[in-house]
Structure formats: C-alpha cells, structure tokens
1. Can you pull out the residues in the stretch 221-275 that are over 18 Å from ASP142 (Cα atoms) and among the polar types (S, T, N, Q)?
2. Looking only at the stretch 469-496, count how many residues are within 16 Å of the chain's Cα centre (by Cα), among the polar types (S, T, N, Q) and open to solvent by less than 20 Å² (accessible area, probe 1.4 Å).
3. Looking only at the stretch 263-294, filter to residues that are in contact (Cβ under 8 Å) with a residue 60 or more places away in the chain and of a type in the set (A, V, I, L, M); which one of those is nearest to ILE239 (Cα to Cα)?
4. I'd like the full set of residues that are aromatic (Phe, Trp, Tyr), surrounded by fewer than 20 Cβ atoms within 10 Å (Cβ to Cβ) and under 31 Å from the mean Cα position of the chain (by Cα), limited to the stretch 508-548.
5. Within the stretch 144-152, does at least one residue satisfy the condition of being surrounded by fewer than 17 Cβ atoms within 10 Å (Cβ to Cβ) and farther than 28 Å from ILE447 by Cβ?
6. Restricting to the stretch 146-197, give me the number of residues that are farther than 25 Å from PRO132 by Cα, of a type in the set (Val, Ile, Thr) and modelled with pLDDT under 95.
7. Every residue in the stretch 213-228 that is among the charged types (D, E, K, R) and either in a loop (DSSP other than H, G, I, E, B) or open to solvent by less than 10 Å² (accessible area, probe 1.4 Å) (or both), please.
8. Considering the stretch 422-471 alone, what residues qualify as being among the acidic types (Asp, Glu) and within 22 Å of PHE131 (Cα to Cα)?
Amino acid sequence: MQSHISNHPNTMINPINLSSSDDELATGNLVSRQLLDLQHIPMTELFIALFVFIAIHSLRQKKHHGLPIWPVLGMLPSLVGGLRGNMYEWASDILNNQNGTFRFKGPSFSSVNGIITSDPRNLEHLLKTKFPNFPKGPFFRDTVHDLLGNGIFNADDENWQQQRKTASIEFHSAKFRQLTTESLLELVHSRLLPILENSIKQSLPIDLQDILLRLTFDNVCMIAFGVHPGCLSPNLPEIPFAKAFEDATEATMLRFVTPTCIWKTMRYFNLGMEKKLKHSINRVDEFAEDVIRTRKEELQRSDLLTVFMGLKDEAGQPFSDKFLRDICVNFILAGRDTSSVALSWFFWLLHHNPRVEERILEEIYGIVSEREEVKKGEYQSVIFRPEEIKKMDYLHAAVSDALRLYPSVPVDLKEVVEDDIFPDGTVLKKGTKVIYVIYAMGRMEGIWGKDCREFKPERWLRDGRFMNESAYNFTAFNGGPRLCLGKDFAYYQMKFVAASVICRYHVQVVENYPVVPKLALTMYMKHGLKVNLYRRDESEIQKYLNTK
C-alpha cells in the first residue's frame, strides 16, 4: 500500500515544501518582470521621483526645525533663498514661527551651523548671566579679522577688557563730553544745515543717508582722532575711504553666510568678493595710517587715539601701529555707521508717520518757546542747548522705536566655551555658534504686543516721560558687560541732529523710492535715501507754538 502511494505521480509527498517552492518561483518571476519593466522607464523619471521623495521628506521637517533639511546641503538652499530677498525679515519670520529659537544646520562639509535666537531670556543668559561662557570666539574673530583686526569689537578676554577700560575712562570724562558737544554743534550748524539749505535753493533731491554718513564720519574723526576729514564740505567731495569702508563691511558680512573653506579659498586666489574686500581694506588701511602718522606728529592733542598711543602692551612696549590701526577702524565702525544709519531709518519712518512728526514739533517748540529768538520769529537761528535736548522725551522715544524696528547692528554672534542650556531648554554644546537676531526682537509680539510692527513712540513713555526698556528686550546697544560705551553720546548726537533738521525742514522721501536694508555689518539702506526738503514757514511754526 505504501509503495503504491509513494510511486503515484499525482501523490503530494510534502505539500508544505512544494507550496513554498511554487511561491518562490512566482515571486522570482514577478521581480524579473518588474526589473525588465524598469529598463523601459526613462532615467529622468527615476531621478524626478527620487527628488520628489527627498523634497517631501525634507519639507516635512520644516515644522519641527523651522526650515527644510536637505541631504548633504542641510538648510543652505533656504539660506540662499533668504539672501535673495530681505534676509532680516526672512530670519524674523522663521524665529516667530519657532517661538524665538531654531537650530540652523548648514552643509555637512561646512561650518555654517549654529543656534539662532531672539528670545530675551536667552539673550540675558548669554550677554549677562553666563557672559564668560559666550565670547566672540575664534569663528567670529577669524571671519572679521581682516577688517577689524584685534580692535574692541573683535576682541575677547584681557585684550577686550583693556580697550574697554581705556575707552570708558575717556568717554566719561568732562573733556570728552565738552568736545562731543562742541564738534557736533559746529558740524550741524556750519556744515550740515548749509548743505540742506543749498539743496532747497537748487530744488534737487539729496541722498540723506550719504549726508548723514559724512556728518558722523567727520564727527567721530574729530573727537576720537583729532582730525577733520572734511566730508561735509560744501561741494561734498568724494571720500574714497567711506566707499571702501562700506564695501569692506558688506564683503565681511558675506563671509558669515559662506562656507569657510570657500571664502578662504577665494581669499587665497584673490577672487570675487574676497578680491573686493582686499582692495577695500587697503584703502581703509591707508586712511588709518595717515591718521596715526598725523597724531604722532601732534601728541599734545587730547583725543582717544592719543590716549591709546600713550599706553603700553603686556611687554611694556608702546602699542604697534597695527594695533592702533585696529583701534581706528573699530571706532569708525562704532561712531560713523551706527548713528547715521539709525537716523536714516528714523527719517524714513517719520515720512510715513506724519502724526509722529507733529508730536516732535510740538515738543521741540514747546521747549524753546521762551527763547528770545523764537519770540522774535527768528526760528532759523535756534541752536539747541544740551539741557534742552535732554528734555526731548518724545523725540528720544521716537529715535528708540526707530532703533527697535531697524537696529544699526541687526545681528551678532557668540560662541559657546562649555556645554550649557538656554533658559528656553535649547541644549548648547561646546563650540556651538549662537547668532542673536536683534532685528527680529523688534518684531516679536511676545515682547512688544500685536502692534510690534508699528512705529509707535508712545510705547516708550510713562506719563509723558521716557522709560528705558530692558537691554535684553531692546538690544540695539547690546547688553551686559559689552553694553555700548557710546550709548549716551549716540542718543545726544541723533537727537541733536534730528531736532535741528525737523524744526527747520519737512523731509519727504522721493515718491516710489526703493528703501530696503543692505546685507552688511550695519544696516545700511541698500540704495541710500533720496529725499526732498521743504522749509517750514512761519505760520506752520506758529501753529506748534500755540499748542503749548
């Protein structure tokens, strides 16, 4: 019986094994057919399908990371897109969507990585609470060294402390305050106002940003180096240094968004933006060397540069000309660019907010209404006194709100020395770069309310008096140990210039003129600020005097 069964051709000796073999054979045939079919699909379609898959996967990460993360390239494609438009608005939108902090991941082959934040808690942590753990760091120093050298903006530790201490003593001296007041008065009334008056006579628009840059450059050179470059001469001479300095700050800023290996290669071969930077820095050096040479010939003068010339380094030797050059360049950056670009944005905002201009005029003429020249109708001859400038609380608030929206230094960078954790829970590893976006802080509803994008000086006033905001909500002048030494001088300078212009002229931006920020170390207007000026007549001024 068994023999019969075993020899029958249709008998199932091992049903399980036979079934498995059939399935494997069927599966093999199916795979073969699919592979055969793939040979007929164009490679282009395969690449498109692969790209779509990667794109979907990358875009899905945007919700959690703020930006898509692409293989190898990281977030670089998004950064390139941001650079094509308003970089600061782009960063602000991301930070607002990510509750104030996100981690930027650059290409795997680059050093363009770090934490980007605008959270006031984090800023207080890095600028004050844990200040020693967040120096400028080697990445920042290396990136800006060609331009700023070892000056105060680029220095850390003892080098920074010595420069700050020396500058602080000078900035708080009675002689310095007197010098700043006298030099500003001379520049405004003997140089600036005649140039503005001349533009009215010729009925020609002027580039107000250029005029203000000339003013602040002359001013910083007079008080810091004891020289008068003459940028505000009546014929407005071309100043090669000024253009070179602006080009240098722009090219230096581009290094921060370019992989280090790329810009260093470009520098080595003297190509592209690095070639432009080298040429610009040579022009900057020529100016600084000329200033130093002049000061050495007239050491009896009293100015900031002369003070540094009298000091010794750690070896007991006078500071080198290279170090003095760095002092010059850093203080020009601090004194020229910051106040002038802030005033440019202030006048642009004023053009779009006539209500604010009216309030400023009411305040100004209310303060000087008892002056004899005002009573006689001699409005053009008014020269504001320091105590009068100090009383201008609404003007102070208006300048502050302009700085909130358009800070002169829109971003800054630190580096983590030891592992740490931000108050918002962000983990920081040693060597991490931390970029804090001051521009974005002025556009955060959590700090300033739902009207944060409005130009509203009233937000700074309590019972008509100006009230300071926390340096970690309003970081236009930095905070903690690195709080700007020239903050009081900058406010006085900006208020004196603004009041002197506003009380005499209505500043109107040329219709449809393009006003956008430029990507640089400071927030230049990319195309300048073309304006027309209109002299205020007696009837208009009387209106503000009668509101007192």
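1. SER233, ASN235 - these are the residues of the stretch 221-275 that are over 18 Å from ASP142 (Cα atoms) and among the polar types (S, T, N, Q).
2. Here the count works out to 1.
3. My answer is VAL284.
4. TYR513
5. Within the stretch 144-152, one or more residues are surrounded by fewer than 17 Cβ atoms within 10 Å (Cβ to Cβ) and farther than 28 Å from ILE447 by Cβ.
6. 2
7. Hit for the stretch 213-228 is ASP218, nothing else.
8. ASP424, GLU469
The values are calculated or read from the model by the stated rules, or taken from the named source; none is laboratory data. These figures come from a predicted structure and were not determined experimentally. Every residue, glycine as well, gets a Cβ built from its backbone with ideal geometry; the counts of neighbours run over all protein chains shown. In case anyone asks, the SASA skips ligands and DNA or RNA and just uses the protein heavy atoms, side chains included. Shrake-Rupley method; radii C 1.70, N 1.55, O 1.52, S 1.80 Å.
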